[in-house]
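The values are calculated or read from the model by the stated rules, or taken from the named source; none is laboratory data. Being a predicted model, the structure only gives us computed values, none of them experimental. Methodologically, a virtual Cβ is constructed for each residue, glycine included, from the backbone with ideal geometry; neighbour enumeration extends over all protein chains shown.
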Amino acid sequence: MIAISADIQAAFLQLKVAKEHRDVTRFLWPIDPYDLESPVKALRFVRLTFGLNCSPFILAATLLEHLAKSKSYVKTLIEENLYVDNVILSADNWEETLPICREAKRIFESGGFKLHEFASNHIAAMKKLPPDDKDTEEKIPREKMWDKPITVEKAKQWQKICKNWNGANLSIPRRVFSFERGKTKFELHAFADASNIGLGITIYLRAISESEAKTSLIFARSKIKAELALPLDKIQLWTDSENLLKWLGGNEKQKDCFINRRLEIISDWNVNYVPTKENPADIASRGMKAEELINSELWLNGPPWLNTKLEENWPSSSPYNYIAGEKKEKEQIFHS
C-alpha cells in the first residue's frame, strides 16, 4: 500500500462570502496604519476568514458539494480521506499513483481549487510527479539548497555531536503516572533559564495524593539564540534569575520596552527563586552530554524537593521573591 498526501492551496480563500453576509465580518482598520492617532474605517471580508469557528464546516460542505457532482473513481477516495484542507490518498502499487494524483487534481480544479504539495512514502512514486506538484521538502534537493559543503570546523562539531549520542537510548514512559480521580491534586511547575548560547524551559506535572507526591517531565524546549485535560489546583513557575525578581519588586521602569511589557504581564503572578543547580531548565539552556542526560533525575523528575509531599522542603524564601498584589483564584508563582 502506497500513501499519498496533498494540500489544497489557500483553501479557505477560494470561498467568497455572500454579499448579504459580509456585514458580520466587519472589522476596524486605521486609514493610516503608520499614524497612531489615525481615524479608523470599517472594512469587510469578501473571502472566507480562516479564524471563524464555522470556517472548517463551510469549507468541508463546499468541497463535498463539488465532489458529489463528480463521477470519477477517485471521488470516493477523496470523500473518505478529506481532512479540512488536506487529502490523503492510497494506491496498491506505484504505477497507480500518478493517474490517481492527476485525477484528484482535475477534480479539485473543476471546483476552482488547486491541489498541490504532493508527498508519498514511496520514492519511485514521488519521482513520477511533476516537480512543481511536490511538497516543499521534496523540492529542496532539486533546487540544490543544501549541496554546498559545510566547513571543516562545522563538520568536526557535527561529528562530535554524533559521537556523543552514539549508543545513547533515552526512554520516557507514555503514561506519566497512575492516580485516583477525586483524591489527587495536580500542579504545574515551570522552570526557565537562559545562557549565552540559548534559552530553556521545562514543565513538570506534580501529583499530590494522601500519602505521597510525584513529579514527571511533561514538556521541555530549548532554543538557540538568534533564531491535559486535568483540573489544576496550582501553577508554579520557577526561575534562577534574581535580576528578574529585582525588576518585579522595583518601581523603576527599565530602558528596554520589551522588558517592561513582559514585566507588566508577569507582575500579576507570584514569583519565587530557585538555585541554579536545582533548576532543570538550566540543562535545556546550556546543554548536557547524552550519557549524563539519560541518567539525570533532575531532568526527568525535577528537583528532589518537588517530589516530597511537604512544601516546607522547598527552597527557603529569597529576599527577592515577588508576591503579586492581588491573589488569583489559582495561585501562580513564577521563578526565573
Residue under question is residue 177, and the condition is that it be over 24 Å from residue 289 (Cα atoms) and part of a loop (DSSP other than H, G, I, E, B); does it hold?
yes
Looking at (1) in contact with a helix residue (DSSP H, G or I) (Cβ under 6 Å, 6 or more places away or on another chain); (2) more than 19 Å from residue 8 (Cβ to Cβ); (3) in a strand (DSSP E or B), can you tell me which one residue 89 breaks?
(2)
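Yes or no, residue by residue, for (1) in contact with a Lys or Arg (Cβ under 6 Å, 6 or more places away or on another chain); (2) acidic (Asp, Glu):
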position: 22; (1), (2): yes, no
position: 48; (1), (2): no, no
position: 59; (1), (2): no, no
position: 62; (1), (2): no, no
position: 71; (1), (2): no, no
position: 82; (1), (2): no, no
position: 87; (1), (2): no, no
position: 95; (1), (2): no, yes
position: 108; (1), (2): no, no
Give the residues of the range 1-48 that are aromatic (Phe, Trp, Tyr) and over 30 Å from residue 100 (Cα atoms), sorted by residue number.
27, 29, 34, 45
Name the single residue that is nearest to the chain's Cα centre (by Cα) among those in the range 291-330 being at pLDDT 85 or above and not in a helix (DSSP H, G or I).
302
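Would you be able to say whether some residue in the range 281-288 is assigned to a loop (DSSP other than H, G, I, E, B), more than 19 Å from residue 205 (Cβ to Cβ) and in contact with a strand residue (DSSP E or B) (Cβ under 9 Å, 6 or more places away or on another chain)?
Keep residues of the range 281-288 that are assigned to a loop (DSSP other than H, G, I, E, B), which gives 287-288.
Pick out the ones that are also more than 19 Å from residue 205 (Cβ to Cβ) and you get 287-288.
So of that shortlist, the ones also in contact with a strand residue (DSSP E or B) (Cβ under 9 Å, 6 or more places away or on another chain) come out as 287.
Yes, the range 281-288 contains at least one residue that is assigned to a loop (DSSP other than H, G, I, E, B), more than 19 Å from residue 205 (Cβ to Cβ) and in contact with a strand residue (DSSP E or B) (Cβ under 9 Å, 6 or more places away or on another chain).
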Could you grab me the full set of residues in the range 169-191 that are surrounded by 12 or more Cβ atoms within 10 Å (Cβ to Cβ) and of a type in the set (Gly, Ala, Ser)?
190
Pull up the range 195-216, narrow it to residues that are more than 27 Å from residue 288 (Cα to Cα) and either among the charged types (D, E, K, R) or under 22 Å from the mean Cα position of the chain (by Cα) (or both), then point me to the one that is modelled with the highest pLDDT.
212
Scan the range 248-270 residue by residue and report those that are more than 26 Å from residue 224 (Cβ to Cβ) and under 27 Å from the mean Cα position of the chain (by Cα).
264, 267, 268, 269, 270
Take the range 99-124 and flag every residue that is more than 31 Å from the chain's Cα centre (by Cα) and modelled with pLDDT under 85.
124
Flag for residue 219 being surrounded by fewer than 17 Cβ atoms within 10 Å (Cβ to Cβ), more than 15 Å from residue 305 (Cα to Cα) and under 22 Å from the mean Cα position of the chain (by Cα):
yes
Of the residues in the range 1-51, how many are at pLDDT below 90, in contact with a Phe, Trp or Tyr (Cβ under 9 Å, 6 or more places away or on another chain), in a loop (DSSP other than H, G, I, E, B) and of a type in the set (A, V, I, L, M)?
0
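Report yes if residue 78 is in the same structural domain as residue 129 (by TED's automatic domain parsing), in a helix (DSSP H, G or I) and surrounded by 12 or more Cβ atoms within 10 Å (Cβ to Cβ), otherwise no.
Values: in the same structural domain as residue 129 (by TED's automatic domain parsing): yes; in a helix (DSSP H, G or I): yes; surrounded by 12 or more Cβ atoms within 10 Å (Cβ to Cβ): yes.
So residue 78 passes the test.
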Quick one: is residue 23 surrounded by 10 or more Cβ atoms within 10 Å (Cβ to Cβ), closer than 30 Å to residue 127 by Cα and acidic (Asp, Glu)?
no
Neighbours by Cβ (under 9 Å, 6+ apart or cross-chain): first from the range 176-201, among the β-branched types (Val, Ile, Thr); second outside any loop (DSSP other than H, G, I, E, B) and modelled with pLDDT under 75:
197/224
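Could you go through the range 153-160 and let me know if any residue there is outside the structural domain of residue 241 (by TED's automatic domain parsing), assigned to a loop (DSSP other than H, G, I, E, B) and at pLDDT 75 or above. Spell out the reasoning first.
Pass one, the range 153-160, residues outside the structural domain of residue 241 (by TED's automatic domain parsing): 153-160.
Filter again for assigned to a loop (DSSP other than H, G, I, E, B), leaving none.
The answer is no, given that none of the residues of the range 153-160 is outside the structural domain of residue 241 (by TED's automatic domain parsing), assigned to a loop (DSSP other than H, G, I, E, B) and at pLDDT 75 or above.
Taking the condition in contact with a strand residue (DSSP E or B) (Cβ under 8 Å, 6 or more places away or on another chain), modelled with pLDDT of 75 or more and aliphatic (A, V, I, L, M), does residue 176 pass? It would help to see each step written out before you state the result.
Working: in contact with a strand residue (DSSP E or B) (Cβ under 8 Å, 6 or more places away or on another chain): yes; modelled with pLDDT of 75 or more: yes; aliphatic (A, V, I, L, M): yes.
Yes, satisfied.
Tally up the residues in the range 46-83 that are over 19 Å from residue 8 (Cβ atoms) and not basic (Lys, Arg), please. Steps first, answer last, please.
Just the residues of the range 46-83 that are over 19 Å from residue 8 (Cβ atoms), to begin with: 46, 53, 71, 73.
Narrowing the set further to residues that are not basic (Lys, Arg) leaves 46, 53, 73.
The total comes to 3.
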